[in-house]
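Just so it is clear, none of the values below were taken in a lab; they were calculated from the coordinates. Quick caveat, the model's predicted, so the values are computed rather than measured. Virtual Cβ from ideal backbone geometry, glycine too; neighbours counted across all protein chains shown.
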Amino acid sequence: MALEILQKKIRFCILDGDKTNFAFTNKEGEHKIDLPKSLKTEAETYEWVKNEFNRIFDKYGPFEHMAIKQNENVPTRYSSVKPVMFLDCIATLVSIENNTPFSSNLYTNIGTKSKEVVSFVESHTQKTNVHWDSQIADAVAAAIKNLN
């Protein structure tokens, strides 16, 4: 399982198999979660997101590994990175609570670049019918990197 976490949405994929033979099992199902606009405080957001990560683990797990594709090329001011950084930490804690190994991934250790991630993923698996973009491709690339 792999995640691409953004300020207003979460993209996730579940791959089943190994590096040479795998299936993108939620390709035609749920793979995009929009954060509700009704969330007004950080505490509300963190609680809601934690519940969503728990729901994903309960519904689709157990997982052999959880990978997070880290955001790159963003301003390094704390106020810019804090929202996503905290959500990444919540995902990591849920992974730990579920006894699931986890990793954090950048394009360099995945073996691609931001401008090439979509074609990289499309060369390994079929794209989704809806919501296909570089964000879900980031999650799939991180998941592929962490297959055994």
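A compact table of results
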| item | result |
| --- | --- |
| Over the stretch 1-100, relative contact order from alpha-carbon pairs under 8 Å, at least 6 apart, % | 33 |
| Per-pair calculated FRET efficiency, R0 = 22 Å: E64 and F86 via Cβ, rounded to 0.05 | 0.30 |
| Span-rule helices in the chain, defined as complete DSSP H runs reaching 15 Å or more along the axis (Cα) with Kyte mean at least -1.0 | 78-97, 134-145 |
| Net charge of Cβ neighbours under 14 Å - reference F57; Lys, Arg +1; Asp, Glu -1 | -2 |
| Percent of beta bridges antiparallel (DSSP, the chain, rounded to nearest 5) | 60 |
| 29 Å Cα-Cα threshold exceeded, pairs from K37/K69; K37/K82; K40/K127; K82/K115; K59/K113; K40/K113 | K40/K127; K59/K113; K40/K113 |
| Loop sites in the stretch 42-98: GluC sites (Glu not before Pro), DSSP, at most 15 other Cβ within 10 Å | E64, E72 |
| Chain lengthening between E30 and A43 when straightened (0.36 nm per residue, less Cα-Cα) | 2.2 nm |
| Point-to-point label distance, H131-S119, nm (Cα→Cβ direction, 7 Å offset) | 2.7 |
| Estimated distance in nm for a label pair at I96 and T20, the labels positioned 7 Å out from Cα along Cα-to-Cβ | 3.6 |
| Longest to shortest principal axis, alpha-carbon extents of the stretch 2-145, angstrom | 42, 34, 28 |
| The stretch 2-145, dipole about Cα centre (Lys/Arg Cβ +1, Asp/Glu Cβ -1), debye to the nearest 20 | 400 |
| Trypsin sites (Lys or Arg not before Pro) restricted to the stretch 11-73 and DSSP loop, no more than 16 other C-beta within 10 Å | K19, K37, K40 |
